[in-house]
Structure formats: structure tokens, C-alpha cells
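Rule-based calculations on the coordinates, nothing more; no lab input. In this text the structure is predicted, and so the values were computed from the model without any measurement. Ideal geometry is used to build each Cβ from the backbone, glycine not excepted, and the neighbour counts take in all protein chains shown.
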Amino acid sequence: MNPLKSSMYVMFKNETRMLYNQFKQTVRTPSMLLFYGITLFGIFFVSTVVSSMLALTPLIAETASLLESTIDRSTLFAAFAFLSATSVIGGYFGSGIASGLTVIQEIVLLPAPVLPYKVFLSSYLRRIVRKTVFALIGLIVILPLLTDASLLYYSTSLMIVCLIIFLETNYFLGAVSSYIRFVVERRTRSRWRYVVPFFLGVLFLLPALPEFTSAFTFAYLVPSNAFAFLFTEMTGLFSLDIGFLIGFVLQVIVFAIAVLLTANLCSYDYYELFSIVKGRETTEGNFSRIIRGEVDFSETRFQDPMVWIMLKDFYSRLRTPMQIWKYVYAVVGTITVLYLNLVHPAWFRPIQVPHDLAFAIVPAFLLMMILLVQMSSVTSMLSFVDEKENVYLLKASPFSSGDIVLAKFLLSLFEVGIAVIPACGFLVYILRIEGYLALLALAAPMTILFTAIGVAIGAYVPVLTNDPRTLPVPLAFSYPVIDLSLGALMIFIVTILAGNQGVLIALPLYTIGFTLIFLWFGAKALNTYK
Amino acid sequence: MAGADQYLIERADVSRLKSDELLRLARVLRIPLAKRAIQRSWLLDEVMLEFNRRGTGKGPVAKLQSPAIQIQGLEKRFGSKVAVRNLDLNVDPGEIVGIVGPNGAGKTTTLRILTGIIKPTLGTVKVNGYNMSSEAIKAKRCIGYIPEKPTCYPSLTVREYIMFMARIYNVPTEIALIRMREFVDMFQLDELLDTYIGTLSKGNLQRVLLVGIFVRPPPYVLAFDEPIYGLDPRGAWNLKALMKKLRNDGSAILMSTHMLGVASELCSRFVIMNEGEVVGRGTLEALLEYNKDARNLEEVFLGLTGGIPR
């Protein structure tokens, strides 16, 4: 056998073995098994309960007709094209395939006699197998909901497979876009090179124009059009009655081209890019200097270690461009929602809810509020993960675990709070419902509770793994499940006690009680680091 | 570099194998195992016979080209920062050369360029005669690398990792099994063979990475970044003894270290770097001759990198 050919097989086998070993480790570790069991059976149970309480079939049917009456075919195609364009523009500024490399690969495979495309393809195999398994497990646990909604299991499975293919194709488009930047920057330093990503973005938006999509044309080879076509044919929304199979075949062809094109672009340059990106990361931040006593706090007006930790986190996060954008979003978003709610501009009106769906508007508002608060509070889960290896330094510092967890919680609460305000303000404006102020008041306890849950989950990362930098998938999955469950329970309690003075005691008791429990869990996790 | 068929297999190497490993070796060699009871000595004979029949282990022992490592006019820039400037360095077979220098001197960058992880901005790097830029695969096939901060696949067992490395470097399974046992015994990893790498201590992890290199047949071109750091005294002693043996057997080793005592003990020549530039080079005697005030390598180093503190 050709040695270079066989190395591809060896690497595939190695990746598969690692996945199998991870599965074995999970099955043999009681805590992990319990965790997976509770999460999966919990979701299955919740979806069974929800499906027994609600009839989803009419809702799905209404949604279809609502979609057809509120949007047109070109809007649907434009929405998917926008996703592709975002990937291409985002990918242009990213590190492409290099972002998929790991430090382990850098040490084991980059100096080994293995061609770069083999490193890429083997790790991609692992990625795709993991995604497929998670999608499959996800489908199994929401089976009761699918059955209740009269959604055919195989159709839904195929739709999810196609969605994964579409998103993966977008990932590859981003990688190709990154390569284009690589080539452009080698050839020119002109400022005009900044136009390239926007040109690429437009290139992926144009085929979504009605001129190309109102009938079956060559433009359906564009990934977003292929997926949008498949979606319309499978759901019957704006269907051309051609059949979804062509869309599926087109998607697979484009995906295969994208994978092979990306593999062909893999070169040793990406090793270089990876090393540069890694080199910019510093595992030892200012905090280690504080611990070693190199930073003099004697003149600070803050004498509390908790404030030091918060300041350290605040300033170290501020160095990342993402954080700056987050604050920009908070300021611009808050001003915008204030403007919308005060001025009610004619050019942007709230949604006119069809009369048939009026019954669902309050639950929809509450559900969206839970989701928005939960999405905004995801950063709290990263408060410990962002410490990377420094988390052990933090643990070894002369601060109490309670102080550390509380400091993380308070700073996270500030960050989550500024993200929640514009989101909820927008929700209030767009879904204008009666008594929204009372419902909106629930956002505050939810923010406090969800932040505490996030901090506690983040604190458990070094307990469950040896890599404090990476949030394990089961932990990440458990976060929305716990949030949704406790958020729904909070609303349930408020609904039961509505109109009763007891709600004024029950709600704070519930919020503070659970918040303290989760913070206690966080401190306990800190005390059990490996 | 040695081809797999040029590695000399002796009966002592095979007899070191545990019974289950010997059985696996027999299966790999397709020796019929139809008997109800198999005597170890019989199996050993059969394995050696099969090796002889196949000619495994016959032929001349491979030798490295001279110089085994050839770095010419190397320069590496990260943006406007120059990490390594105008470095020329040769390492011949049978030689251990030490790169010493303070933090940020460019030692690790040099080793990363040598192993093909990053590319030089200017200059050429050749490993065993193969240019790392134009013949990367051939060059990489010859070199082994131990990084400063060792890490490895946490979900693989030690045994799986070693066999994976053997396959990546195209080492036949029968030779990989024998060499794995030899170096697992040397680095006392026997009890950890079926342990997941993610649970190993830093010292044990470094030993595993070393076995991953030595599973290939000698001679080697090796790039070691702080190889002794993190090892316990016995592991360090074993590694030093092994490095001396490898040197005597014709391997070429380029080692970066802060541990000047270890460098003095192992290296025949030194390259002292400071802020990306070579500030001193040669044997210890030559360096002492040039730096009259210095009495040992430590003082030479301090003298060349900012002065000896008084």
C-alpha cells in the first residue's frame, strides 16, 4: 500500500477510535452517564409532557399559512442567502481551516510526515460524526413532540441532515473566503482589498433575487438556493412542485465540491496561520502577575479581592474586539429600543398578530423572553472557561471560593443585564401585548437566576474534564435545559399565585433560593478541582 | 534515515515482549497457532525463524547524511518583530548541539521551523538532506520533536497512541511492537500502557511522547525543547543515558534548554541565542577560551546575555 495513502486511513481510524474511546469513557464514568441520562431522559420527558398538554398540529398548520401570508418566496431565499453571505464575510476575516487545528495536532501531526489536507479531512470526519450523532440523539429525544405535531420522522430527519449540510457548506465557503484574503493580502496592500469581502457577500446574495429563484434555474446550484428550494419543496411552502430530491442532490454535490475545494486549499500556510493565532493567545494574563505579587494593589481604593477579580475580568475581556462590539450593541441597542418604544415610528410597526393566533401570543411572549434572557446569559457560562489554565491559579489564590464565584456572578450579571435590556425592549415593541410590564418584570429574576446557573455550570468544567478551556458538550447542552425548566417553573408559580399577595414572597424566595443554590454549587465545584 | 527493514532485531528484543504481545506479534507474522498449548520458547523460535525467513532486520544499518540538520541564513519575522535573525547551524550525526538562551531568545521558534510547524521568512532548513520547504514530507519523516509543553490526544490510551505514531511513520507493526516494549520498559510505562493519555501527569506524558518517537527505528534526527523539564530524577537519568547512546549510535540531536548543567553534560557544542541572534557558539572549551572571565557554561551564558550579575 502506498504509505501516504495509508496514512489517511490511519488518521481516519485514529479519529474514530478517539470518538469510540470517549463514548466508552462516558459509559464507564457514573457521573457522566448520570448526567447524559438525566439530560436526555429529561428532554424526552419534557417533550412528552408538552406534547400531551398542547396540540401542536394546528399550530404548525397555522404557522405554515401565516408564513405564506406574511412573507414571499424571495424573502425566504434571501434569508438563507443572508446566512451564506454572513459566513463568507465572517470567514474572510477568520483564520479559515486553521481555526479547526488544535494544539495537540500542532504537536503530534504538524511535525509528522502527513500532508495538511489529511490533517484537515481526518479531523473533519470526527466533527461530522459528532454532529450527526448529536442530531440523531436530539431527534430521538424530541420524538414525542414530532409525533404530536404530525411531523414525519424521516422527513424531519432529512431536513435536519440537509440543514447540517447547508451549514457545513457555509463553513467551507468561509474557509475558501479566508483563503481568498490570504491570496489578496499577498498580492496587494491597497485599501481596496477591504472591499473584497463585501463583494463576496453580494456575490452570494445576488442569486437569491426573484429573477433567479422564481423558477428552477442554474442559480439553484448556490448552496443557499439549493437548501431554500429543498425547504420549500419538502414543506410545501411556495413549492414549485418539482420535488425535493433535486434540491437534496444539488446540496450534496455543492457540499462535496466545497469539501474537496477546501481540502485542496489546505497547505502548510495554515500551520503558520494557526501558530500565529495561538501565539497571540496568552495563557498568563495580568492576574498571574497579581497572584505573584507583581501588581501593587496597595494604592487601590478597592480593598476587596472580589472587586479585584471583577476588574481583572472586565479589563482582560475588554481587550477582545468581541467585547467592544458587545458594549457597542448594548448602547446602540438600548437607544434604539428606547426610540422605538417612545416614538413608535411609522417605518417599523409592531407585528400584527392574526386573530386566529391571538390565544398564543402571551405564551409566545413568555417563551421568547425566556429564550432571549437565556441567550443573553450564555456568556456567564464562559466566566470560568475564559480563565483557561489560569483557573487553577485562581483556585490556588488566597481568596475564598465563595468570593471567586460571587465575583464571577456579579460581573456576569452586569454583562448579561446590558445584553438583556435591548433584547427585551425589542420584544416588548415587536409583540405589543396587554399587561406586558407585569410579564417583563419576570425578566429581572430570570436574568439573576440564569446567570447563576451559567456561572455554576462554567465552574464545573475543570471538574469534569482536564481541559479547562473547552466547555464539554453535555454541560453546554444542559444549560438551556435547566434554564427552560426553571424559567417555565417560575412562570408557572407566578401564574398560580397571580392576583395573590403571596407572589411577592414566592417569586423573590424562588429566585434568591435557586440563585444561592447554584452559586453554592459553583463554590463546591471550585473546591473539587482535579 | 533507516528504513524499517534495516533495523536489527535480536532474540533478546523479542523475548522482552509480554505473552499477549508475543501472541499478537505471532498473529501479525501469520505464524500458525493451532496448538492447544503453546510454549513461550517455541513461539520465540518461530518468531525469530519467521523474521529470518522474511529477512526482517537484515541489511546495513542506515546512516544519516552529514550534516543531519542544516540551517542556513534563517530569519523569522512575526509582523515587524524579528524572532530569529541570520541563524546558521549544522548538526552532524553523532552530535548533540544545545541551543541555550533566555526566554524569548528564539530557541523554540528555531525548533518549530526545523520541524516544519512554521515556515522561515528567509533561509533554508534541511533535515537529513531534505529541504523542509520543498520536501516537507521526506524531511518530516526523519525528525522527531518533543515540545516544551507536551500535550497529546486525551482520548487515546498510551498503547493506541504509540501504535498510531508507528503507523503514521510507516513502521511495520511487528517492529513497532518490539520497539514499543523496549522503550515502555526503559521509561517505566508498562502500568500505564492501557491508561488514557488525558489522565497522565506531565512527566509521564513526556515519556509517552518520547516512546512515540523511538518506536521508529534509529538513527534519529531529534529536536528537543526542554526534554528533561518535568521528568523525575530516574526518568531524567534514563533520558540522558538514552540521548548519549543515541548520539553514540549516530543520531543527531538539537536540544533547547535552560538547564545549563544538563546542557554541559550532554552537548558537544552550544549555540547561545539572545533576542533572536546568535551571540556565542562552539564547544565549551572554545566558549571559555573566548570569554576569559567565565569559569563554566553558566557564566559564559550570563556574560553573553546581559552580563554576570555581581
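Tabulated results
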{"read-out": "15 Å cut-off, amide nitrogen to a point 7 angstrom out along A:LEU437 Cα→Cβ, residues in the stretch A:326-355", "value": "A:342"}
{"read-out": "Whole-Å semi-axes of the stretch A:383-495's equivalent ellipsoid (Cα gyration tensor)", "value": "31, 15, 13"}
{"read-out": "Taking the stretch B:1-136 and dividing mean pair separation by its residue count, relative contact order in percent (alpha carbons under 8 Å, at least six apart)", "value": "24"}
{"read-out": "Which listed pairs, of B:LYS76/B:LYS202; A:LYS13/B:LYS138; A:LYS388/B:LYS149; B:LYS140/B:LYS240, have C-alpha distances above 18 Å, in listed order", "value": "B:LYS76/B:LYS202; A:LYS13/B:LYS138; B:LYS140/B:LYS240"}
{"read-out": "Cα centroid separation, the stretch A:359-402 to the stretch A:108-153 (Å)", "value": "26"}
{"read-out": "Residue order, fewest to most beta carbons within 10 Å, for B:GLU46, A:GLU62", "value": "A:GLU62, B:GLU46"}
{"read-out": "Cross-link partners of B:LYS244 among aspartates and glutamates (Cα-Cα below 12 Å; sequence separation of 8 or more within a chain)", "value": "B:GLU95, B:GLU265"}
{"read-out": "Euclidean distance of C-alpha centroids, the stretch B:252-310 and the stretch B:81-112, integer Å", "value": "12"}
{"read-out": "Label-point separation, A:LEU237 to B:ASP194 (7 Å along Cα→Cβ), nm", "value": "5.4"}
{"read-out": "Full-stretch length increase - A:PHE41, A:VAL195 - with 0.36 nm per residue and alpha-carbon distance subtracted", "value": "50.4 nm"}
{"read-out": "Cβ-based net charge around A:THR232, under 14 Å, with every Lys or Arg adding one and every Asp or Glu removing one", "value": "-3"}
{"read-out": "Quarter of Cα convex hull surface for chain B, i.e. mean projection, nm²", "value": "17.8"}
{"read-out": "If the convex hull is drawn through the Cα atoms of the stretch A:313-394, its volume per residue in Å³", "value": "132"}
{"read-out": "Fluctuation leader among B:LYS76, B:LYS63, B:LYS18 - chain B, Gaussian network, Cα springs under 10 angstrom", "value": "B:LYS18"}
{"read-out": "Highest-fluctuation residue, B:GLN70, B:GLN206, B:GLN39 considered, GNM on chain B with Cα pairs under 10 Å", "value": "B:GLN39"}
{"read-out": "Contact order normalised by residue count of the stretch B:17-96, Cα under 8 Å, 6+ apart, percent", "value": "21"}
{"read-out": "Computed over chain A: relative contact order in percent, which uses C-alpha pairs under 8 Å that are six or more apart", "value": "15"}
{"read-out": "Per-pair calculated FRET efficiency, R0 = 51 Å: B:SER80 and A:MET368 via Cβ, rounded to 0.05", "value": "0.55"}
{"read-out": "Pairwise FRET efficiency - A:LEU261 versus A:THR217, Cβ, R0 = 30 Å, nearest 0.05", "value": "0.85"}
{"read-out": "Residue-span extension gain [A:ALA506 to A:ILE335] - 0.36 nm each, minus C-alpha spacing", "value": "58.2 nm"}
{"read-out": "Cβ-based exposure ranking for B:GLU148, B:GLU277, in which fewest neighbours within 10 Å come first", "value": "B:GLU277, B:GLU148"}
{"read-out": "Computed E for A:LEU516/A:VAL463 - FRET, C-beta separation, R0 22 angstrom, nearest 0.05", "value": "0.65"}
{"read-out": "A:LEU66 versus B:TYR290: modelled label distance in nm, points set 7 Å from Cα along the beta carbon direction", "value": "7.9"}
{"read-out": "Point-to-point label distance, A:SER99-A:TYR9, nm (Cα→Cβ direction, 7 Å offset)", "value": "3.5"}
{"read-out": "Bins of 10 Å, starting at 0 and running to the largest distance - Cα pair percent for the protein assembly as shown", "value": "2, 10, 17, 22, 20, 14, 9, 5, 1, 0"}
{"read-out": "Rounded to 10°, Cα long-axis angle of helix B:158-168 versus longest principal axis of chain B", "value": "80"}
